Amino acid sequence: MLIKFLPITPTLDFMGKRRLFLIFSVALVLGSILLFLVQGLNLGVDFRGGTLIEVETTEGVTIRELRDSLSGLGLGEVTLQEFGDPNDILINLAKQPGEESEQIQAINKVKEELGDRVVEYRRTEFVGPKVGAELKLAGTLATIFALLGIGAYIWFRFEWQFSLAAMVALAHDIISTIGFFALTQVEFNLATLAAVLTVAGYSINDTVVIFDRVREMLRKYKKLAVVELLNQAINRTLSRTVLTSITTLLALGSLFLFGGEVIRGFTMGLIWGVLIGTYSSVGLAVPLLSFLDLRSARQGPGKDATPAPEGA
């Protein structure tokens, strides 16, 4: 509650920059779609199928040496990457033609080739292409149903104008997060898909807080210009929005630095999502309302005077 006693009340002109925000958002979405189509996602074993082997190598063994050694086994695409410490290596094998016995045979070939250069085999996972395809479909449906469910709730809780603006902002956040993964080529697996859905939940939380203030002011101040009303609603909730984002980022920063490689992709997706979700709530969802007819939301008795500035 200390934020209420700060001597500065935000009076930033967000709505005056709304067209600039919209241009930026459209460019971000189009760029993300282009990245996805051209570069694609670095799909993990969860989605593309194949075998994942995590090993700890002996000192002095380089990833280039291992790559050269395994590329001559005739196992198709073999990718290697460091997983935390330089001695921790993730080996990804493409799915081999045939059934489970062929996959086991490929794993044994790799182990024979690595020999005493490996101290420990930490995990070995195999996912068939059928399972990967089912997970892709399930993930896509989960994202679509989450969007529709959130849109229906906002429509029921507020008005259709708010629901439409929220859906556009959520689609913007999800597409830009997919673009982030396409740009960085961080492995996209079930954990990072969970990050995408979490981003949607975080973003709509911020948006609902501002929408609630907008609705309250619409009922109280009937003659106040919509653009000015929206601008004041953003400023009145800005301290809450900023503080929530900062505290969330502090927790995510700790997870990113000390949580280990297993959840690093998930954490990176959430950090990006918090930033883009905060922006979209302020710079996209609310400005979109200025292009919609909010008169139907002006219900109940209210004041005609211009409201005085107040804190969050």
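Of note:
- Fewest-first sequence of Glu56, Glu82 by Cβ atoms within 10 Å of each Cβ: Glu82, Glu56
- Computed from the C-beta positions of Ala138 and Asp293 and an R0 of 35 Å, the FRET efficiency is 0.40 to the nearest 0.05.
- Degrees separating the helix 160-184 axis from the principal Cα axis of the chain, which is the longest one: 30 degrees
- In terms of surrounding Cβ atoms within a 10 Å radius of their Cβ, Trp272, Trp160 rank from fewest to most as Trp160, Trp272.
- Point-to-point label distance, Val242-Gln39, nm (Cα→Cβ direction, 7 Å offset): 3.1 nm
- For Val118, residues with placed amide H under 5 Å, excluding near neighbours: Thr58
- Taking the square roots of five times each eigenvalue of the Cα gyration tensor of the range 50-127, the equivalent ellipsoid has semi-axes of 20, 12, 11 Å, listed largest first.
- Rough spin-label spacing in nm, given labels placed 7 Å along Cα→Cβ, for Leu275 and Trp160: 3.7 nm
- For the range 26-36, the Karplus equation 6.51 cos²θ - 1.76 cosθ + 1.60, evaluated at θ = phi - 60°, returns couplings of 4, 5, 5, 5, 5, x, 5, 5, 5, 4, 5 Hz by residue, with Gly and Pro reported as x.
- For the chain, the equivalent ellipsoid built from the Cα gyration tensor has semi-axes of 49, 20, 14 Å, listed from largest to smallest.
- Amide H partners (placed H, <5 Å) of Leu43, local residues excluded: Phe188
- Helix-derived mean residue ellipticity, 222 nm - over the chain, DSSP H n ≥ 4, -39500 (n - 2.57), to 500: -20500 deg cm²/dmol
- On Cα atoms only, tilt of 129-157 relative to the major axis of the chain in degrees: 10 degrees
- The chain: angle of helix 226-258 to the longest principal axis, Cα-based, in degrees nearest 10: 30 degrees
- For the range 129-257, the direction-averaged projected area of the alpha-carbon convex hull comes to 9.5 nm².
- Virtual paramagnetic centre 7 Å along Cα→Cβ of Arg19, amide N under 17 Å, in the range 274-292: 284, 287-292
- Nitroxide proxy distance, nm - points 7 Å out along Cα→Cβ at Ala27 and Thr124: 5.1 nm
Every number in this text was worked out from the coordinates using simple rules, so none of it is lab data. Just so it is clear, the structure is predicted and the values come from calculations on it, not from any experiment. Cβ: placed from backbone, ideal geometry, glycine included. Neighbour counts: every protein chain shown.
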